[in-house]
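The structure appears below as structure tokens.
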Amino acid sequence: IKEKGIKNIQDADNQKALEEIRVKLLGRKGELTEILHSMKDVAPENRPKVGQEVNQIRDLFQTSLDDAKEKFVQAVIAKRLEEEKIDVTLPGRKTRLGSKHPINIILDDLESYFIGMGYQVVQGPEMETDHYVFEMMNLPKDHPARDMQATFYINDERLLRSQTSGDQARVLEKHDFSKGPLKMVGPGKVYRRDDDDATHSHQFQQMEGLVIDKNITMSDLKGTLEMIAKHMFGQDRETRLRPSYFPFTEPSVEMDVSCFNCDGKGCPICKYTGWIEVLGAGMVHPNVLENAGVDSSVYGGFAFGVGLDRLAILKYGINDIRDFYTNDVRFLKQFRKEE
Ligand code: PHE
């Protein structure tokens, strides 16, 4: 039994076979157990000897089994170590970094520029009310200028804002003029029922600006707009104001900058005019102030609204506005600062 058992243990070539042998040798129905059970058939004087021997063999089997098992366990560990070996000297794989969206680059830049000049930054809701977007901005329900912006209505009162100008009314209502002048910018998304193409989008971003105090004049507006243009497009840009119309400003203007593609001489980008329109602005209409409970005989100021997509298109020479929201990584990663 002893030699056969040991040989079986040595021959076992996997853990499962080893376990089967263990059961056969030491299990309840194993050969050794059987001998112990039949002790009663052994002459009494021989029992201690036989018992001792059986116990010895059992211990021997147990140690051999343990050794054999340990060998298998070690082999498994060795195999895993080999398989999962890593070469720590290999160069690491680069994780791809995201990049700031070009519109956010412009937005963050402008925001900190205005914060530096003491403006507060506000953000109104994208789903706005007719009240703030239109009525408060001197556009009563039947006003023809409502057609200037094809608006997505949700119901009679709620809409997706077609301009950030409603932010003006929200801030005007709350501002405490005894604490000082009002200076704010309000960036955010706006929506219009436009068919998307290279230059139109149903969704784009604006930044509203509003300054109200005593004795604010049109030259303050002009100076501010000129600073924005030079900050954005470089000190060499020329600017000009053209008369325009907005219901919430009087007088109203649009600002052009000299075309930086042809230096004002004329090219397809500026449609051979030498000028590119960048924003709308004007002196705040007294009705807008009065609607918000501000005394228009004491306070006045200017407002402007600039399309951030427009600025980004001009600044980076982008030729399709849809690139801004189709999230093509090849487009977006061009604005990464470093690779
Ligand atoms: N809200 C106007 C637009 O969307 C821009 C504007 C803002 C004009 C403020 C004047 C004053 O076209």
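The values are calculated or read from the model by the stated rules, or taken from the named source; none is laboratory data. From a predicted model like this one, the values you see are computed outputs, not experimental measurements. Cβ placement follows ideal geometry from the backbone for every residue including glycine, while neighbour counts extend to all protein chains displayed. Please note that ligands, DNA and RNA were not included when accessible areas were found on the heavy atoms of the full protein model with its side chains. Shrake-Rupley method; radii C 1.70, N 1.55, O 1.52, S 1.80 Å.
Per residue, the chain exposes 60 Å² of solvent-accessible protein surface, assessed with a 1.4 angstrom probe and all protein chains in place. With viscosity 1.567 mPa s and temperature 4 °C, the Kirkwood radius over alpha carbon pairs of the range 26-67 converts through Stokes-Einstein to a diffusion coefficient of 119 µm²/s.
With Cα atoms defining each centre, the range 72-91 and the range 159-205 are spaced 61 Å apart in the structure.
Determine the calculated [θ] at 222 nm for the chain from helices alone, applying -39500 (n - 2.57) to every DSSP H run no shorter than 4 residues and normalising by the residue count; nearest 500 deg cm²/dmol. Each step should come with its number before you reach the end.
Working: 11 runs with 129 residues, N = 339.
It lands at -11500 deg cm²/dmol.
For the range 269-339, the convex hull drawn through the C-alpha positions has a volume of 176 cubic angstrom per residue. Distance between the pseudo-spin-label points of residue 214 and residue 111 (7 Å out from Cα toward the beta carbon): 3.4 nm.
Alpha carbon centre of the range 226-250 versus the range 263-339: separation in Å? The two parts, judged by their Cα centres, are 10 Å apart.
State which entries of 189/222; 189/271; 16/85; 141/271; 24/85 exceed 30 angstrom in Cα-Cα distance in the structure shown. Don't jump to the answer; show the numbers that get you there.
Values: 189/222 25 Å; 189/271 28 Å; 16/85 27 Å; 141/271 36 Å; 24/85 39 Å.
Correct reply: 141/271; 24/85.
Computed extension gain for residue 6 through residue 173, at 0.36 nm per residue and net of the alpha carbon distance, reaches 50.5 nm.
Roughly speaking, what is the stretch gain from residue 129 to residue 72, that is 0.36 nm per residue apart minus the C-alpha to C-alpha distance, in nm to one decimal?
On the way: separation 57, 0.36 × 57 = 20.52 nm, distance 7.49 nm.
Length difference between fully extended and current span is 13.0 nm.
Straight-distance candidates among the lysines for linking to residue 49, with alpha-carbon spacing under 20 Å and chain neighbours fewer than 8 residues away dropped: 2, 40. For the set 233, 302, the ranking by accessible area, highest first and with no ligand, DNA or RNA atoms included, is 233, 302 under a 1.4 Å probe. Count Lys and Arg as plus one, Asp and Glu as minus one, and take only other residues whose Cβ is under 12 Å from that of residue 326; the net charge is then -2. Element breakdown for the chain at a 1.4 angstrom probe: carbon and sulfur atoms account for 50% of the accessible area. Normalised by the number of residues in the range 143-205, the average gap of Cα pairs under 8 Å and 6 or more apart makes the relative contact order 31 percent. For the chain, would you read off the P(r) tail past 39 Å as a percentage of all alpha carbon pairs? Beyond 39 Å sits 45 percent of the P(r) for the chain.
Derived from the Cα gyration tensor, the three semi-axes of the equivalent ellipsoid of the range 174-308 are 29, 18, 13 Å, largest first.
The separation of the range 116-140 from the range 1-21, counted between C-alpha centres, amounts to 86 Å. Residues of the range 6-20 with amide nitrogen under 15 Å from the 7 Å Cα-to-Cβ point of residue 80? Answer for the range 6-20: none.
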